[in-house]
Amino acid sequence: MRSFGRAAMLALPAMLAAGAAFAADDAKIDTGDTAWMMTSAMVVLMMTIPGVALFYAGMVRKKNVLATLMQSFSVCALVAVLWMVAGYSLAFGEGGPWIGDFSRVLMAGMAEGWDKPFTLGSGDSAIAFTIPETVFAMFQMTFAIITAALITGAVADRMKFSALMLFIALWTLLVYSPVAHWVWHPSGWIFALGALDFAGGTVVHINAGVAGLVAAIVIGKRVGYGTDNMAPHNLTLAVVGASLLWVGWFGFNAGSAGAAGARAGMAMLVTQISAAGAVLAWLLAEWATKGKPSVLGAVSGAIAGLVAITPAAGFVLPGPALVIGVVAGLAGFWGATALKHWCGYDDSLDAFGVHGICGIVGALLTGVFAYGALSASTATPEGYGASLDQFLIQCYAVAACFAFTAVMTFVLLKVVDVIVGLRVTEEEEREGLDVVLHGERLG
């Protein structure tokens, strides 16, 4: 039976596992790996601004386009500052099984060893990198930013800007950072459990999707939901945004290899295959049930496939990646149509229907299709292969993340509601958030 210690080293996303050897005192930064990770950080940031911003803005009504753009742009700035102040330290400080520490508050200690390779953790479980900590911190910052931005899709058209900013601030520090620590730090309890999450199936997509679901339920449906015409204002913007997300996802997944190597190449290939398979599956499902394949369906399918392959990208081969994509396309279509209507909640832009549902699909199927050789190391030559035990570990990690995020999100929303109120008035909602919240409107 493999030890949890060895399992954990392989369970960290490949951005950690790629540097599994301990750093020597005279180790030097690898400029190729550093260049790749800097590029990856930039394209992941592009996924939020302008990717998510345009994707979401294209799907709301004209009176809320500027407010939707504002949400992604402002969340980007807010989370960046919070990450510097405390988020990074809480997520990647040594700490214990549940949360990090305060050793990197205000990025303290960065002056020491800023030009040396970075080692995460300490003792036997420490993981060495060939990149500096500045690049690691920046790359992880972009993950925190996009996770928070994704939540805004569930509450589009009706949440106060002040409430959103306060909620995102609290949620980033009290939900995102702890979950990131659980899954991606060597001292985290899910890391030790041996759950596989290459680039954020639990930390990013299930986390954001569940938070969006709870927020949509707590805040309530949009005025006129089910009766008024709420068709997207500009699908061209949505397609451009989704296209930027698709391209940026290569930094998201292949960048999570932490180095410009063979595992990054496999992650890039399977990401493209899964996305393509999901597009076709979504379109076929829509064609069969509604008579016509839609542009919105195509872009939604792409996001579904990209979400599902995220936890699996460094663990699966191309054949399984296609299966994951097809299953994600069908599951995302079901989540964004049938499930939402059956349950009666108003997840405006399907944050849970796509990110939550497909994040769960990808996390579970990672345990079904993992190919051991991709995660093999000197310590564990067989790597992490598919097994019933691994599947059950994946189920446990998904359930833990779902429950924690749901409860904490509910509590934080109630706190914010008491402080500033969550929702604009019915009259303000009908007028549109662009004018009411920001004093601007599209020409």
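Where a number appears in this text, it was derived from the coordinates with a stated rule and is not lab data. All figures in this text were calculated on a predicted structure; none of them were measured in a lab. All Cβ positions, glycine included, derive from the backbone under ideal geometry; neighbour counts span all protein chains shown.
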HN-Hα couplings for segment 40-56 via Karplus (6.51, -1.76, 1.60; θ = phi - 60°), in whole Hz with x for Gly/Pro, come out as 4, 4, 5, 6, 5, 4, 4, 5, 8, 10, x, x, 4, 4, 6, 4, 6
The ³J(HN,Hα) series, computed from each phi in segment 411-422 with the Karplus coefficients 6.51, -1.76 and 1.60 at θ = phi - 60°, rounded to the nearest Hz and given as x for glycine or proline, is 4, 5, 4, 5, 5, 5, 4, 5, 6, 10, x, 8
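Pulled fully out, how much extra length does the chain show between S103 and E431, if you take 0.36 nm times their separation in residues and subtract their Cα-Cα distance?
Working: separation 328, 0.36 × 328 = 118.08 nm, distance 4.71 nm.
Stretched fully, the S103-E431 segment lengthens by 113.4 nm.
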Descending packing, highest mean Cβ count within 10 Å first, for 340-349, 257-266, 302-311, 204-213 is 302-311, 204-213, 257-266, 340-349
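What length, rounded to one decimal in nm, is gained on full extension from K292 through to T134, with 0.36 nm per residue of separation minus their alpha-carbon distance? Each step should come with its number before you reach the end.
Working: separation 158, 0.36 × 158 = 56.88 nm, distance 4.84 nm.
So the chain would gain 52.0 nm between K292 and T134.
Any idea what the relative contact order of segment 77-200 is, in percent, if you count C-alpha pairs under 8 Å spaced at least 6 apart? The partial results should precede the final answer.
Numbers: 161 pairs, mean separation 41.6, N = 124.
With pairs under 8 Å counted, the relative contact order is 34 percent.
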Per the helix-only model, the chain has a calculated mean residue ellipticity at 222 nm (DSSP H runs of ≥4, -39500 (n - 2.57) each, divided over all residues, rounded to the nearest 500) of -18000 deg cm²/dmol
Relative to the chain, whose Cα atoms define the longest principal axis, helix 357-369 and its Cα axis are tilted in degrees, nearest 10, by 30 degrees
Cα-based Debye curve of segment 89-225 sampled at q = 0.13, 0.14 Å⁻¹ gives log₁₀ I(q)/I(0) of -0.61, -0.69
The rounded separation in angstrom of the Cα centers of segment 65-113 and segment 366-431 is 19 Å
Given backbone amide H placed at 1.01 Å from N, residues whose amide H is under 5 Å from that of R423, ignoring those fewer than 5 places away on the same chain, are K160
Checked against the positive end of the charge dipole of the chain (+1 on Cβ of Lys and Arg, -1 on Cβ of Asp and Glu, about the Cα centre), the farthest of A126, M266, L322 is L322
Residues whose built amide H sits under 5 Å from the amide H of V316, excluding neighbours closer than 5 in sequence, are Y371
Between A262 and E112, the two model label points (7 Å from Cα along the beta-carbon direction) sit apart by a distance in nm of 3.7 nm
For the pair D228 and S74, the simple spin-label estimate (label points 7 Å beyond Cα toward Cβ) gives in nm 2.0 nm
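Out of segment 61-143, which GluC sites (Glu not before Pro) are coil in DSSP terms and have no more than 13 other C-beta atoms within 10 Å?
Passing sites in segment 61-143 are E112.
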Subtracting the Cα-Cα distance of T119 and L174 from 0.36 nm times their residue separation yields 17.3 nm
For the chain, the count of lysine pairs 8 or more apart or interchain whose alpha-carbon atoms are under 17 Å apart comes to 7
Rounded to the nearest 0.05, FRET efficiency between K28 and S387 (Cβ-Cβ, R0 41 Å) equals 0.60
Residue-ordered couplings for segment 222-229, obtained by feeding phi - 60° into the Karplus form 6.51 cos²θ - 1.76 cosθ + 1.60 and rounding to whole Hz (Gly and Pro as x), are 5, 4, x, 4, x, 10, 7, 7
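Under the definition of Cα pairs under 8 Å and six or more residues apart, what whole-number percent is the relative contact order of segment 14-438? Can you show the working numbers first?
Working: 904 pairs, mean separation 96.2, N = 425.
That works out to 23 percent.
For the peptides 33-43, 56-66, 230-240, what is the packing order when you average, over each peptide's residues, the other Cβ atoms within 10 Å and list the highest mean first? The partial results should precede the final answer.
Values: 33-43: 19.6, 56-66: 23.1, 230-240: 17.1.
Sorting 33-43, 56-66, 230-240 by mean packing, highest first, produces 56-66, 33-43, 230-240.
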Whole-Å distance linking the alpha carbon centroid of segment 285-360 with that of segment 172-234 is 15 Å
Expected sort for 271-278, 435-442 on mean C-beta neighbours within 10 Å, highest first, is 271-278, 435-442
One point scatterer per Cα, no solvent, Debye formula: log10 I(q)/I(0) for segment 14-438 at q = 0.10 Å⁻¹ comes out as -0.62
Shape call for segment 188-272, from the Cα gyration tensor axes a ≥ b ≥ c (a/c under 1.5 means rounded, otherwise prolate when a/b beats b/c, else oblate), comes out oblate
Pseudo-spin-label distance V81 to F404, built 7 Å along Cα→Cβ, given in nm, is 2.7 nm
